[in-house]
Amino acid sequence: MVDIIAKTPCEGLLPLTIGTTTVTEVPPSMMTSVAPYKGCEKALSTVLKSTHGIAAPAPGRATGKEGARAIWFGQRMILLMGPVPDAALAQHAALTDQSDAWAVVRLDGAGAAEVLARLTPIDLRDGAFKRGHTARTELQHMMASITRLGSNSYQIMVFRSMAETLVHDLKTAMQSVAARNG
Amino acid sequence: MRVEGTGLIDRSSPVGFSFDGHLYQGFAGDTLASALMANGVGMVARSFKYHRPRGVMTAGSEEPNALVTLGLEAGQEPNVRATTQELFEGLMARSQNRWPTLDWDLLALNDLAARFLGAGFYYKTFMWPRAFWERLYEPVIRRAAGLGALSGKPNADKYEKAYAHCDLLVIGAGPAGLMTALTAARAGADVILAEEDTRAGGRLNAESFEVDGARGAVWAAEVTAELAAMGNVRIMTRTTVTGAYDQGTYGALEKLGPQMVARAGAPRECFWRITARRAVLAAGAIERPIAFANNDRPGILMAGAVRAYANRWNVVPGRNIAVFGNNDSAHRTAADLIEAGVHVSALIDARHHATCDLDIPFYPGAEVCNAHGRKALEAITVATTSGTQKIRTDALAISGGWNPSVHLTCHMGARPVWNADLEAFVPVAGAIPGLSVAGACQGDFSTRACLESGIAAGRRAAEDLGLTAPDMAAPMAEDSNYDILPLWSVPGRGRAWLDFQNDVTVKDVQQAVAENFRSVEHMKRYTTQGMAPDQGKNSNIGALAVLADATGRGIPETGTTTFRPPFVPVAIAAMGAGAQGAGFAPQRFTTSHKASIQRGAPMIEAGLWYRPSYFPAPGETHWRQSCDREVAMVRNAVGICDVSTLGKIDIQGPDAGKFLDFVYTNTFSTLKTGRTRYGLMLREDGHVMDDGTTARLGEQHYLMTTTTAAAGQVMRHLEFVHQCLCPQLDVRFISVTEQWAQFAVAGPKSRSLLNGLLDQEIDDTGWPFMACGEVSVGEMQARLFRISFSGEHAYELAVPSRYGDAVFRELVARAEAMNGGPYGMEALNVLRIEKGFITHSEIHGRITAFDIGMARMISAKKDCIGKAAAARPGLVDEDREQLVGLKPIGAVKELTAGAHLFNRDDDAIRVNDQGYITSVAFSPTCGHFLGLAFLKNGRARHGEVVRMHDHLRGSVTLCEVHDPVVFDPEGGRVRG
């Protein structure tokens, strides 16, 4: 019998604390892209609600909470994080396993928005990017998904293969912010 | 020389610094310029072209003269303006453009030859012999003329870039900017107040008068404190807005303070991109000089700058100072100097009607027409109605009037308009969408007018943002007259400077006109006026006034050149922060990366990916040894190769098959579930875009594979096709490249290796060539594809990426136990060339399906992208270059990629070109080199001998043309 050991995308790279901000890897969970077929948006939303208790998020929004979250993931695409998708969803949407495809980290702490402002062009002000808001955008040179989880807490996702660059870029920005804040 | 006074320096905090190796002392709050002045250092630079002694002229970022080099070695920064450089302990500055020293500069000889070196000199003199330009003239000129130099070493400092967003961006924190920010902030707007200086206040820090009963600087500090205490205002000092761009985006350069830069991990500068719904430009105005003979002598400064030095830094450029102006503001300089206890030797006012109450020698209706002294000003000659008179003086303060800082309003193509009352250009309304102008920048030259226009601008901005501003009244402040008499240059013998930074004189402009370069744009280019790093901040208006005079036109008819970003020089390191070295692009690592590195595999970059080139075994000293061994290993046993970098796209939906039929030349809707098919994809212009295999995983479920190089391009193409060309199709797709780690298991022993690993054994009946399906290894669910890029009996095993590292190690260990092992890109390339398989070396963008012998793959039964275009006669012409195989048969046994092909007896010249080689490899299987090439009418020329000629490497050999497939042409091994 072979023992095949699983590794997380950021293994050996995180956690990292500089100044008041910390980056940690989000423990791996099931991640499924849910892409509704033609005219199935409403039906999908109903099933999502009845099976997983989560409303389908509007563009730029995330719904649910830790353990079962639905994140808008681009044009007519939702990322379901946490639960194993109910089979009923497949009648209304293309489901694709993405559990291993993304490096998922959390940036927490006072100054987290300042760190992100060095890497992403999106408007991170409290009024514009509230808790539950999400964006597909760029992080330095990488395409990313950024979701605000709390007042000083963000979830950041980039392609798994870019985990090292992600950590490097975050680290550089965190050092700058820490140095500025003395 | 330091004077008494309560400026903004801290006399209890001395700061040591050096200039050209001499140690000096200044105070906290000093700039390098004010500290040098305090130490009596008058000459700080040599001029660009004539190497004339130069001193500090201004007190701001418009400084043309006082450019110095800071720091040493890799950290050296040239062309730092001493006038904006904060003093810090240990600051080390050096003068520039002098040899051997600032005081004794040999190249000052240029000044003696000035009559030969005027504008247009280079164009006329260095015409011939032509070859001399690059080898002789240019190096000599480059050495003789110039500013500071870079270290030539890679940048050693950290720079940063950042983004900010706001409702209102206020550019400049003088009286107008402060009131704009205050008004809008009180209305509830989210405000960014950007200020170039180390503190807010603008001219209020430089002037002696009061606002609201308090000293201007004190009032400014109070307002700033109020703003800082509001939650909706962000004050960004040391931040120069450098450019206005589309969609309310502004570039800004922040130079962090010395204390902050000294901290570990701190950047030196930050380039900001600020997105603002509205912006107010309150950038103030820049005082302009008056041209007269030798007006560039050290000790001649702008009158407003002299007030700034006296009032803010408590320094003066001499014990004995004269003032020369054409407007009321010059009188304030005289008054402030008297207040500071300095002897004012003369107040020369070009206006005949001017009056003066001060107890100083006053010369109304007079002009300064010459300056004396070389390294320091000693005297001036004043022309009055009754003749000329020489006056001894250490320094001269000049005011030729003020130019509103319209620069940013020009950044999107608008030109400022002439205001005859102010004798200046002012911004035109609507120059930048969303941006309005306030204060001196729009011609409000009194403090009171600035405060009022600031309130008005803040109110307008708030209303635009849907907010209501509270009623605010402007505080009591100075509201004096300007009363300017135009005076640009004083006639007389000798060179009168217009552009101090590029050494352009009145004569140069007149010379341009004489040579018929009469338009302002031509004059600029002929004389280089305004083309120095300061972009002519001091000189543009003066120069075009002289041009207007010389051409007999008015200033409005002459027009003006405009300004481009950046407003101040910006280091490329700041704009590209984070992108230096490896930061240039993200690095993508496969799950087997660490294991490959541990085996000593050198990595090569494939797009953003890093892939192992080969895996050196003990005793191997050359890559070819490793490569040959790895090829033989795959041909005779089994090899393992990470192929995860190939693009994988998960495609689902009722119309998935139809969609694939449309993007691929061949048919996929007929593919059976559990089977894989090779597909060819064309661009709309009929050329090959990409190739790869696509597997049918279910009735409505396909998995497309792309090449590594074109993964992004194909994904984009699919999105385009679906969104724009056939939105009616119900199909959804997403990249799963990163989800699966995929490994090729190739070679005669591949199945036996897998059967030791998989939970369920596979055989030829269940898993024939091109089969695919699910397999498991314990808890791990995986996908297996029986496909081959080596021509061997081979599989690709795809596992969830989390298991990639472990599975790669396991596969390699099992392969090694069977006399196999890992193989890299080199061996992969050899294996596919032996089989005549193409990569993007072949399908490089100009190649059709016809060229690679796949014309029949364009199905006749259906339409597909590129089909019509591919059928154009020129794309199916028999004379086109077609894919062939080559082997060397001459004395030289090596083929080289990129070499061109010629008929055996033709000259190797362009018109005889028959084709070119795209890929080569030494085939250990055949024992000689193999090449893939495109050759005119190649398919009909198998067996023919052609000559390879590599002009670049100088290699020539004869080759025999043959079929691209050399190894196992029947394909028995792949099915075996």
remark   = Per the filter on region B:834-882, residues part of a loop (DSSP other than H, G, I, E, B), farther than 15 Å from B:Arg939 by Cβ and of a type in the set (Lys, Arg) are B:Arg846, B:Lys861, B:Lys862, B:Arg872
query = Give me the pairs: first residue in region B:440-467 and of a type in the set (Lys, Arg), second residue in a helix (DSSP H, G or I) and buried (at least 18 other Cβ atoms within 10 Å of the Cβ), beta-carbon distance under 7 Å, and six or more apart or on different chains, which are they?
reply = B:Arg459/B:Thr183
inquiry  = Within region A:97-113, take every residue that is at the interface with chain B (Cβ under 10 Å from one of its Cβ atoms) and not in a loop (DSSP other than H, G, I, E, B) and give me the one that is farthest from the chain's Cα centre (by Cα).
reply    = A:Asp97
inquiry  = Condition first: in contact (Cβ under 8 Å) with a residue 40 or more places away in the chain and within 22 Å of B:Asp444 (Cβ to Cβ). Now tell me which residues in region B:313-334 satisfy that.
reply    = B:Gly325, B:Asn326, B:Asn327, B:Asp328, B:Ser329, B:Ala330, B:Arg332, B:Thr333
query = Which members of region B:27-79 meet the condition of being over 32 Å from the mean Cα position of the chain (by Cα), within 23 Å of B:Asn320 (Cβ to Cβ) and of a type in the set (Gly, Ala, Ser)?
reply = B:Ser34, B:Ala35, B:Ala38, B:Gly40, B:Gly42, B:Gly55
ask   = Using beta carbons and a limit of 8 Å, which pairs, at least six apart or on different chains, have the first residue in region A:136-165 and facing chain B (nearest Cβ under 8 Å) and surrounded by fewer than 24 Cβ atoms within 10 Å (Cβ to Cβ) and the second one part of a strand (DSSP E or B) and aliphatic (A, V, I, L, M)?
value = A:Met142/A:Val158; A:Phe159/A:Ala103; A:Phe159/A:Met142; A:Phe159/A:Met143
inquiry  = All but one of (1) within 28 Å of B:Val807 (Cα to Cα); (2) more than 14 Å from chain A (Cβ to nearest Cβ); (3) surrounded by 17 or more Cβ atoms within 10 Å (Cβ to Cβ); (4) touching a Lys or Arg at 6+ places or on another chain (Cβ under 8 Å) hold for B:Asp661; state the number of the condition that does not hold.
reply    = (1)
query = Does A:Ala173 satisfy the condition of being surrounded by fewer than 22 Cβ atoms within 10 Å (Cβ to Cβ) and assigned to a helix (DSSP H, G or I)?
reply = no
message = Checking A:Val84 against (1) within 11 Å of another protein chain (Cβ to nearest Cβ); (2) in a loop (DSSP other than H, G, I, E, B): exactly one of these is not met. Which one?
response = (1)
task = Select, from A:Leu139, A:Leu124, A:Leu116, A:Leu166, the only residue that is more than 15 Å from the chain's Cα centre (by Cα), hydrophobic (A, V, I, L, M, F, W, C) and over 21 Å from A:Gly64 (Cβ atoms).
result = A:Leu124
message = Is it the case, given these coordinates, that B:Leu754 is among the aliphatic types (A, V, I, L, M), out of contact with any Gly (no Cβ under 9 Å at 6 or more places or on another chain) and within 30 Å of B:His793 (Cα to Cα)?
response = yes
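To keep it simple, each residue is scored yes or no on (1) surrounded by fewer than 22 Cβ atoms within 10 Å (Cβ to Cβ); (2) over 23 Å from B:Thr275 (Cα atoms); (3) assigned by TED's automatic domain parsing to the domain that holds B:Gly243.
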| site | (1), (2), (3) |
| --- | --- |
| B:Leu178 | no, no, yes |
| B:Leu182 | no, no, yes |
| B:Gly188 | yes, no, yes |
| B:Leu204 | no, yes, yes |
| B:Glu210 | yes, yes, yes |
| B:Ala220 | no, yes, yes |
query = Going through region B:811-833 one residue at a time, which ones are surrounded by fewer than 19 Cβ atoms within 10 Å (Cβ to Cβ) and not in a helix (DSSP H, G or I)?
reply = B:Ala817, B:Met818, B:Asn819
inquiry  = Name the residue that is farthest from B:Ala571 (Cα to Cα), counting only residues in region B:126-166 that are at pLDDT 90 or above and hydrophobic (A, V, I, L, M, F, W, C).
reply    = B:Cys166
ask   = Mind checking which residues of region B:732-752 are under 52 Å from the mean Cα position of the chain (by Cα) and either closer than 22 Å to B:Asp968 by Cβ or away from chain A (no Cβ under 14 Å) (or both)?
value = B:Ala744, B:Val745, B:Ala746, B:Gly747, B:Ser750
remark   = Picking from A:Ala94, A:Ala128, the residue that is facing chain B (nearest Cβ under 8 Å), in contact with a strand residue (DSSP E or B) (Cβ under 9 Å, 6 or more places away or on another chain) and either touching a residue at least 60 places away in the same chain (Cβ under 8 Å) or among the acidic types (Asp, Glu) (or both) would be A:Ala94
ask   = Which one is surrounded by the fewest Cβ atoms within 10 Å (Cβ to Cβ), of the residues in region B:924-976 that are β-branched (Val, Ile, Thr) and part of a loop (DSSP other than H, G, I, E, B)?
value = B:Val965
Candidate set: region B:584-621, residues that are at the interface with another protein chain (Cβ under 9 Å from one of its Cβ atoms) and in a loop (DSSP other than H, G, I, E, B); chosen: the one surrounded by the most Cβ atoms within 10 Å (Cβ to Cβ) = B:Thr591
inquiry  = I'd like to check something: does region B:901-917 contain any residue that is at pLDDT 95 or above and closer than 25 Å to B:Ala827 by Cα?
reply    = yes
query = Would region B:305-321 turn up any residue that is assigned to a strand (DSSP E or B), among the β-branched types (Val, Ile, Thr), touching a helix residue (DSSP H, G or I) at 6+ places or on another chain (Cβ under 6 Å) and not assigned by TED's automatic domain parsing to the domain that holds B:Glu423?
reply = yes
message = Within region B:347-453, considering only strands (runs of 3 or more DSSP E) that don't extend past its boundaries, which have at least 3 residues that are surrounded by fewer than 16 Cβ atoms within 10 Å (Cβ to Cβ)?
response = B:387-392
Elements of type strands (runs of 3 or more DSSP E) contained in region B:231-293, each with 1 or more residues being within 14 Å of another protein chain (Cβ to nearest Cβ), at negative phi and of a type in the set (Phe, Trp, Tyr) = B:239-245, B:249-255, B:269-281
task = Go through (1) under 22 Å from B:Thr705 (Cβ atoms); (2) away from chain A (no Cβ under 14 Å) and name the single condition B:Glu761 misses.
result = (1)
query = Any idea which residue in region B:68-104 is surrounded by the most Cβ atoms within 10 Å (Cβ to Cβ), counting only those that are among the small types (Gly, Ala, Ser) and farther than 25 Å from B:Arg307 by Cβ?
reply = B:Ser95
query = Within region A:64-73, is even one residue away from chain B (no Cβ under 12 Å), out of contact with any Lys or Arg (no Cβ under 6 Å at 6 or more places or on another chain) and part of a loop (DSSP other than H, G, I, E, B)?
reply = yes
key: Of all residues in region B:236-269 being surrounded by fewer than 22 Cβ atoms within 10 Å (Cβ to Cβ) and of a type in the set (Ser, Thr, Tyr), the one that is farthest from B:Ala431 (Cα to Cα)   = B:Thr237
inquiry  = Being within 14 Å of chain A (Cβ to nearest Cβ) and in a strand (DSSP E or B) is the filter here; which residues of region B:772-790 pass it?
reply    = B:Glu774, B:Val775, B:Ser776, B:Val777, B:Met780, B:Gln781, B:Ala782, B:Arg783
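The values are calculated or read from the model by the stated rules, or taken from the named source; none is laboratory data. A quick note: this is a predicted structure, and the numbers were derived from the prediction, not measured. Neighbour counts run over all protein chains shown; Cβ positions are idealised from the backbone, glycine included.
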